[in-house]
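What follows is one structure encoded as structure tokens, with my remarks underneath.
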Amino acid sequence: MRKLVYVLLDGVGDRPDPRLGMRTPLEAAATPNLDSLATRGSTGLVYTVGRGIAPESDVAVFHMLGYRLGEEYPGRGVIEAVGSDIDFRDGDLALRANFATVDERMRIVDRRAGRDLSDSEAKELAAALNREVKLEPPAEVLFRHTVGHRLVVRIRVPGVQLSSNITNTDPAYKKVGGMGVATSGSGDMRVESANPLDGSHEAALAAQLVNEVTEEAYRVLNSHPVNVARAKSGRLPANMILMRDAGSKLPRLPSISELHGLDMAAIADMPVEVGVARIVRMDVARSPELLNYGWKASKVMELLQSHDGVYVHLKGPDEPGHDGLPEVKTRSIELIDSGFFGPLLRELDLDGTLVAVSADHSTPCQLKSHSEDPVPLLVSGGPVRWDGSRRFTEPEAARGSLGILEGPSVLPTIIGRYLM
Ligand SMILES: O=C(O)[C@@H](CO)OP(=O)(O)O
């Protein structure tokens, strides 16, 4: 049977950008390897979670793996807890958090504290939080730093099943039917209070505890020597944590092989995609460093020896999208093309392997946040017939023979049409 390589480029979708001569970063990037796949492949567009929805990566990846998750969505906090090896059990509350910068009026200066926290700074701040933020026993809180400005917060009250039916303190994302979606995020952003979304005691308690953690965290962080030093050297203090996408139950989903009849492995950079892959029971290889594309390409070849397919999540383009840097995003796409697809295509037998490339969501540089724009899809190799596509770009995909798909139908379409 043919093998499958399924690559999701995080946030790669974009819009024509005046700083790129009204081209998207995909159009502006030199991508000879992706072009070589396009000129023997077919393209199309994908609404990963649904029209009008600007999804977060976690829910978008579940959908691109074929899962339709609605109201019962477990919450990104739980996914990141699973991806970060945190001891989590049903009834705990897990939230995704950011080290952020706020002013004395709780206005958010930067949701990522300048995106320049070193690992040692972040770990020192997390250690201080674990040492000094205490809730009224028996309630307890755990802070786990993951990557960059990112953390996971776990709140536990032994004997109480906390409810995740609460609002975020991070104004950049809101929970819609349990799923995290990006807000417009324009204008003055302030740290919000978490509020219960139903009348239960468990939701009221969960919201109260999240608000207590927020207040205590600010007290500890604002005066911490790491932040005093950062401010002294003209960098932004990481003096607040913003929390979002609470979850209180581990999801029980069919495995990827039960869903598609394929035994797939995963290569991922970030705890959230590691968490998704673990939950759908893929063997997961965590990249040693974000930009080590050569390692990722060889890992694909290794995992194809023992699996029917490999899902690869490449974080690169999303961050410059959030930072509004189209040239940097273009460069990050070029690095993926030369660093990952180049070595991979030199090794792969394309007649016996299907290569599908797409994204989890668009992160337009002009918006600096996720958008509801559809993302491009390219399928190449094996029996795929060329549909005249010349590149992996949004305009080409809009004309491609695959048409417009919903996220959960992508894998079934690929498998049914080209793999079986
Ligand atoms: O973690 C990240 O990279 C992004 C999006 O997934 O979140 P945030 O906007 O909070 O940085």
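The values are calculated or read from the model by the stated rules, or taken from the named source; none is laboratory data. For clarity, every value in this text was computed on a predicted model and none was experimentally measured. As a convention, Cβ positions derive from the backbone with ideal geometry for all residues, glycine included, and neighbour counts pool all protein chains shown. These area figures cover heavy atoms from the full protein model, side chains too; ligands, DNA and RNA do not enter into them. Shrake-Rupley method; radii C 1.70, N 1.55, O 1.52, S 1.80 Å.
Looking at S371, S362, which is the one that is within 16 Å of the ligand (Cβ to nearest atom), surrounded by fewer than 23 Cβ atoms within 10 Å (Cβ to Cβ) and of a type in the set (S, T, N, Q)? Break it down stepwise before answering.
Numbers: S362 fails: surrounded by fewer than 23 Cβ atoms within 10 Å (Cβ to Cβ).
Of S371, S362, the one residue that is within 16 Å of the ligand (Cβ to nearest atom), surrounded by fewer than 23 Cβ atoms within 10 Å (Cβ to Cβ) and of a type in the set (S, T, N, Q) is S371.
Going residue by residue through region 232-252, is there one that turns out to be of a type in the set (D, E, K, R), within 20 Å of V152 (Cβ to Cβ) and within 16 Å of the ligand (Cβ to nearest atom)? Yes, that holds for at least one residue. Any residue at all in region 278-286 that's under 20 Å from the mean Cα position of the chain (by Cα), open to solvent by 50 Å² or more (accessible area, probe 1.4 Å) and among the acidic types (D, E)? Looking for residues that are under 20 Å from the mean Cα position of the chain (by Cα), open to solvent by 50 Å² or more (accessible area, probe 1.4 Å) and among the acidic types (D, E), one finds at least one in region 278-286, hence yes. Restricting A229, A139, A204 to residues that are at pLDDT 95 or above, surrounded by fewer than 21 Cβ atoms within 10 Å (Cβ to Cβ) and in contact with a Lys or Arg (Cβ under 8 Å, 6 or more places away or on another chain) narrows the list to A139. Applying the criterion of at least 1 residues that are open to solvent by less than 20 Å² (accessible area, probe 1.4 Å) and of a type in the set (D, E, K, R) to the strands (runs of 3 or more DSSP E) found wholly in region 1-116 leaves 93-102. Please state which one of A203, A238, A231 is assigned to a helix (DSSP H, G or I) and touching a residue at least 12 places away in the same chain (Cβ under 8 Å). Being assigned to a helix (DSSP H, G or I) and touching a residue at least 12 places away in the same chain (Cβ under 8 Å) holds for just one of A203, A238, A231, which is A203.
Here's the yes/no breakdown for (1) open to solvent by 30 Å² or more (accessible area, probe 1.4 Å); (2) assigned to a strand (DSSP E or B); (3) of a type in the set (A, V, I, L, M):
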position: V310; (1), (2), (3): no, yes, yes
position: E319; (1), (2), (3): yes, no, no
position: L335; (1), (2), (3): yes, no, yes
position: G339; (1), (2), (3): no, no, no
position: D349; (1), (2), (3): yes, no, no
position: L354; (1), (2), (3): no, yes, yes
position: L405; (1), (2), (3): no, yes, yes
position: P412; (1), (2), (3): yes, no, no
position: Y418; (1), (2), (3): no, no, no
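The residues of region 254-271 that are farther than 22 Å from E80 by Cα, in a loop (DSSP other than H, G, I, E, B) and open to solvent by less than 50 Å² (accessible area, probe 1.4 Å) amount to a single one, L262. Considering G75, G13, G83, the condition of being touching an Asp or Glu at 6+ places or on another chain (Cβ under 9 Å) and under 30 Å from P395 (Cα atoms) is satisfied by G13 alone. Is it the case that region 150-164 has a residue that's assigned by TED's automatic domain parsing to the domain that holds N195, within 14 Å of the ligand (Cβ to nearest atom) and surrounded by fewer than 19 Cβ atoms within 10 Å (Cβ to Cβ)? No; the residues of region 150-164 include none that is assigned by TED's automatic domain parsing to the domain that holds N195, within 14 Å of the ligand (Cβ to nearest atom) and surrounded by fewer than 19 Cβ atoms within 10 Å (Cβ to Cβ).
Identify all residues within region 287-308 that are acidic (D, E) and either within 16 Å of the ligand (Cβ to nearest atom) or open to solvent by 70 Å² or more (accessible area, probe 1.4 Å) (or both); write none if there are none. Don't jump to the end; show me each part of the working.
First, pick out the residues of region 287-308 that are acidic (D, E): 289, 302, 308.
Matches in region 287-308: E289, E302.
Can you give me the number of residues within region 165-177 that are open to solvent by less than 20 Å² (accessible area, probe 1.4 Å) and more than 13 Å from the ligand (Cβ to nearest atom)? Residues that pass the stated criteria total 1.
Does E192 satisfy the criteria of being open to solvent by 10 Å² or more (accessible area, probe 1.4 Å) and within 16 Å of the ligand (Cβ to nearest atom)? When the stated conditions are applied, E192 passes them.
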